[in-house]
Structures are given as C-alpha cells and as structure tokens.
Amino acid sequence: MTTSTTTLPGGTWTMGDLTVTRVGYGAMQLAGPHVFGPPTDHDAALAVLHEVRDLGINHIDTSDFYGPHVTNRLIKEALHPYADDLVLVTKVGARRDAEGGWPHARAPHELRQAVLDNLENLGVDVLDVVNLRPGAVEGPEPGSLAEPFGALVEMQQEGLIRHLGLSTVNAEQIAEAQQMAPIVCVQNLYNVARREDDDLVDSLAAQGIAYVPYFPLGGFTPLQSSALSAVAARLDASPMAVALAWLLQRSPNILLIPGTSSVAHLRENVAGAGLTLSAEEVAELDAIGR
Ligand SMILES: NC(=O)c1ccc[n+]([C@@H]2O[C@H](COP(=O)([O-])OP(=O)(O)OC[C@H]3O[C@@H](n4cnc5c(N)ncnc54)[C@H](OP(=O)(O)O)[C@@H]3O)[C@@H](O)[C@H]2O)c1
C-alpha cells in the first residue's frame, strides 16, 4: 500500500513508484560521536526511530558506512518488519577506515559488497533507492562515473536495487549517469546559506527528480546568519525551523532529511518545517546565500 496523503508539512513526493513524505529523516546522527561506533544511548536512538514512524515520516536516509553498520542495524531493530510504505534510501561509494575516516570505495567489487551489506543490515531483499556517492562530504569531485554507476545499474538489473540516485555530484556527472539509467534523486550539500546548487535544484525539478539536501541545518556546524536569526526572531521561531521551512518552500522537489539524535529535536524540526514564510521573508533569506 502506498500512502499518498499526509498531514506532515509539504505533503508528498513520488520517486518512481515510491511516494514519500517531503519531511523525511536523516539517520546519520544515530551512530556514535563522529558517526563512528555505537550510539551513546542505544534506547534513545531506537526512540528517535519510533518517533519518526509515529509522526508518519516514511522516508529515512541512511548508509551502511554510518557507524559502520550501526545505523542500519538500529533501523532494522526499531522498525523491522517494515511498514509497506516505508522508503529506505541508502548510499554507497565510501567506507570507514580504522580511524573513522571516509575513504572512497567506488570500485565495482566494493560497491557490490556495500549493497550486500546494506541488504543484510537493513534486513531486506531489495533496496528501495541506492545513491552512488562518489565525491566527498564537502562536495563533488569531477570525473566520469561510468564505471561505478555501471556497477549499480547491473545490480539494479539483477533485482537488488529498485531505484538509483546520486550524491555529491555535479551536473555533468548527473547527465552522464542519466545516459545509462534513470535516476530518481540527487543528494547534495545545500541549505539557505550554501546555494551552489540553485540551478541544479531547478533543472532537476523540471525533470521531476527529487533534490535532497544534506546538511539542511548546516551539518556539523550549525547555520549562523544574522538575517536568518532576524527572520526567526520576528516569527518567534528558531533559526532551524526557518531554515527547514525555507527549503520546503524553495521548490516542490526538495525533500528534507534533517538529522537528529533527539526526539525533542525531531518534533521541533517537523513542526518548524511547517512555518509559512511570506514573500518578503523568503526574499530576505534568499539574500543570505547569494
Ligand atoms: N550524501 C552525503 O554525503 C551526506 C553527508 C552528510 C549527511 N548526509 C545525510 O543528510 C542527513 C542530514 O545531515 P546532518 O544530520 O549531517 O546535518 P543537519 O541535518 O544539517 O544537522 C544535524 C545537526 O543539527 C542538530 N539538530 C538537529 N535538529 C536540531 C534542533 N531542532 N535543535 C538543535 N539542534 C538540532 C543535530 O544535533 P542533535 O542530534 O543534538 O539534534 C545535529 O548535530 C544525515 O542524517 C545523512 O542522512 C549525507
């Protein structure tokens, strides 16, 4: 059964045959400090995932390299057997080293192992959406994706993956991948203060492809802007709420995956995303990242 209505802010978006709430959840923060090792409070992490479900959010962003393995196993422990309409989006293309670094893992055999690890640790036979993440957290690294994306296309044809997406990529890399197979989403760094992808957001919207910004709240460095704080103060809201509402209003193809390890923050973020910003407020916020 596919949910097509929601009371969550922003309604839903359809990726291929999957309908997701535009307010989703990014699970990276559930692992331990620096996204390495187990959470400091296992039960608290499970409680966040239960709240995600209870709020009606049906889009969770994850990866087997969070922890590694930790986040996926928490998702499985908290939510398996999964609701029919839950969409788990994962990513491959990196691994963790012994120091907690994030080296590339883009060779076909590494990508296959990553897909198999995701299947096992999430406890599913088919992955809903797999993003190839060839770049770094700071952004894309130019170069052909033909070999790694081709490896994922093969696994899609084998029935291990339902839909493909891309993360940390530029427009040329997206166009190259689209010559090989359809993609349903792009996940890049973007927020009210980081607007390098403005044109990309619009061109993907025109193609009906989701744009899923990571670091919607600034990531490891919370967003700081006097204009953001001023609008937030006027609306009696937090800067985070305004930042999420701005993204939701920015374009219908934007899906939110704010990350948090706290039930209270999760609730705040869902409520905050529903703020209505006036045209004047949007113009003030637009000026931050330009
Ligand atoms: N493709 C990629 O390369 C890539 C890279 C990074 C992230 N991601 C994905 O994107 C998702 C979102 O990114 P992110 O989690 O790194 O960054 P984010 O959503 O921009 O910010 C998360 C940070 O904000 C804090 N926070 C969240 N809500 C808050 C609130 N209401 N009040 C105060 N603090 C709040 C969190 O701390 P608390 O835990 O204390 O709430 C956490 O430190 C990740 O979960 C992951 O799934 C993808």
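The values are calculated or read from the model by the stated rules, or taken from the named source; none is laboratory data. Just so it is clear, the model here is predicted, and its values are computed rather than measured. As a convention, Cβ positions derive from the backbone with ideal geometry for all residues, glycine included, and neighbour counts pool all protein chains shown. Keep in mind that these areas ignore ligands, DNA and RNA; they rest on the heavy atoms of the full protein, side chains included. Shrake-Rupley method; radii C 1.70, N 1.55, O 1.52, S 1.80 Å.
Brief remarks follow.
- Considering only residues in region 270-279 that are open to solvent by less than 40 Å² (accessible area, probe 1.4 Å) and in contact with a helix residue (DSSP H, G or I) (Cβ under 6 Å, 6 or more places away or on another chain), the one that is farthest from the ligand (Cβ to nearest atom) turns out to be LEU277.
- Residue list for region 35-50, restricted to those being in contact with a Phe, Trp or Tyr (Cβ under 9 Å, 6 or more places away or on another chain) and within 12 Å of the ligand (Cβ to nearest atom): VAL35, VAL48
- If you go through region 192-232 and pick out every residue that is among the β-branched types (Val, Ile, Thr), within 12 Å of the ligand (Cβ to nearest atom) and either over 20 Å from GLN29 (Cα atoms) or at pLDDT below 95 (or both), you end up with 2.
- Of the residues in region 83-91, at least one is assigned to a loop (DSSP other than H, G, I, E, B), farther than 22 Å from PHE36 by Cβ, open to solvent by 60 Å² or more (accessible area, probe 1.4 Å) and not small (Gly, Ala, Ser).
- Within region 1-48, restricting attention to residues that are surrounded by 15 or more Cβ atoms within 10 Å (Cβ to Cβ), hydroxyl-bearing (Ser, Thr, Tyr) and modelled with pLDDT of 95 or more, the residue that is nearest to VAL270 (Cα to Cα) is TYR25.
- Any chance ALA107 is farther than 26 Å from THR14 by Cα and small (Gly, Ala, Ser): yes
- Number of residues in region 172-181 that are in contact (Cβ under 8 Å) with a residue 24 or more places away in the chain and either open to solvent by 50 Å² or more (accessible area, probe 1.4 Å) or over 24 Å from THR62 (Cα atoms) (or both) equals 3.
- Boolean, HIS104 is modelled with pLDDT of 95 or more, in contact with a Lys or Arg (Cβ under 9 Å, 6 or more places away or on another chain) and surrounded by fewer than 17 Cβ atoms within 10 Å (Cβ to Cβ): yes
- Those residues of region 173-191 which are within 16 Å of the ligand (Cβ to nearest atom) and either over 18 Å from THR90 (Cα atoms) or small (Gly, Ala, Ser) (or both), in sequence order: GLN173, ALA177, TYR190, ASN191
- Restricting region 233-255 to residues that are part of a helix (DSSP H, G or I) and either touching an Asp or Glu at 6+ places or on another chain (Cβ under 8 Å) or within 12 Å of the ligand (Cβ to nearest atom) (or both), the residue that is most open to solvent (accessible area, probe 1.4 Å): ARG234
- Pairing residues of region 251-266 that are more than 15 Å from VAL186 (Cβ to Cβ) with residues that are within 6 Å of the ligand (Cβ to nearest atom) and hydrophobic (A, V, I, L, M, F, W, C), at Cβ distances under 7 Å and at least 6 apart in sequence or on separate chains, gives PRO258/LEU217; GLY259/MET28.
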